[in-house]
Amino acid sequence: MIKEHPETHLQNLRIGIHKETVQLVKIHNEYNLHSILHFSTNIICFAILSGYFILGNEKLVILNSWIQEFLYNLSDTIKAFSILLVTDLWIGFHSPHGWELMIGSVYNDFGLAHNDQIISGLVSTFPVILDTIVKYWIFHYLNRVSPSLVVIYHSMNE
């Protein structure tokens, strides 16, 4: 068939390659456009939340006072139990699959390509860093507010 119609076959092959190249360029451009849109959406959301935080400071003060009043009315045992429950649920090292899903969704939300090595690296380090920050907060802040809460927390943790 190539011997009978060599020019037609080569021309069809070139047209097919050209169509495939155009299709790949369109896919690449759409991916880049989605990445730019994701990033700009995140910046806009950050700007709106920052503006609300700065301009709506009075409402946040009321909310903060209500939360502090609620937390101060709890007993130290319930506070320590709540801290353990929240840190184990949110920072627990026992759920790497949950961390992979959460980090992967944030990673994709910023428009980055899925990379198993980066995600597994973040899964192995991010919970440890977050746990260290929470424990520092517990020792630094709670020692000043309620030393008995820290003692109860340690005894419940052991």
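Reducing the range 55-91 and the range 122-158 to their Cα centroids gives an inter-centroid distance of 15 Å.
Here the label points at residue 32 and residue 76, each 7 Å from Cα along the C-beta direction, are separated by 6.2 nm in the simple model.
What number results when the radius of gyration of the chain, computed over Cα atoms, is divided by 2.2 N^0.38 Å?
Numbers: Rg = 27.2 Å, N = 158, 2.2 N^0.38 = 15.1 Å.
Rounded to two decimals, the normalised Rg is 1.81.
Rolling a 1.4 Å probe over the heavy atoms of the protein chains gives the chain an accessible area of 80 Å² per residue. Comparing 151, 132, 36 along the charge dipole axis of the chain, the residue lying farthest to the positive side is 36, per the Cβ-charge model. The accessible area of residue 40, taken with all protein chains in place and a 1.4 Å probe, comes to roughly 40 Å².
Suppose every K and R has +1 on its Cβ and every D and E has -1 on its Cβ; what is the size of the dipole of the range 78-158 about the Cα centre, in Debye to the nearest 20? Don't skip to the answer; put the middle values down first.
Values: 3 positive and 6 negative charges, 81 e Å.
Computed charge dipole of the range 78-158: roughly 380 debye.
For the range 104-111, backbone phi angles converted through the Karplus equation (6.51, -1.76, 1.60; θ = phi - 60°) give residue-by-residue couplings of x, 6, 5, 4, 6, 5, 7, x Hz, Gly and Pro being listed as x.
For the pair residue 69 and residue 139, what calculated FRET efficiency results from E = 1/(1 + (r/R0)^6), where r is the Cβ-Cβ distance and R0 = 22 Å, to the nearest 0.05? Approximately 0.35, to the nearest 0.05.
Once the other residues with Cβ under 15 Å from the Cβ of residue 86 are scored (Lys, Arg +1; Asp, Glu -1), what is the net sum? Before the final figure, lay out each step's value.
Working: positive: 79, 135; negative: 88, 131.
In short, 0.
The values are calculated or read from the model by the stated rules, or taken from the named source; none is laboratory data. Just so you know, these numbers come straight off a predicted model, no measurement behind them. In this analysis, Cβ positions are derived from the backbone assuming ideal geometry, glycine residues included, and neighbour counts consider all displayed protein chains. With ligands, DNA and RNA removed, areas are computed over all heavy atoms of the protein, side chains included. Shrake-Rupley method; radii C 1.70, N 1.55, O 1.52, S 1.80 Å.
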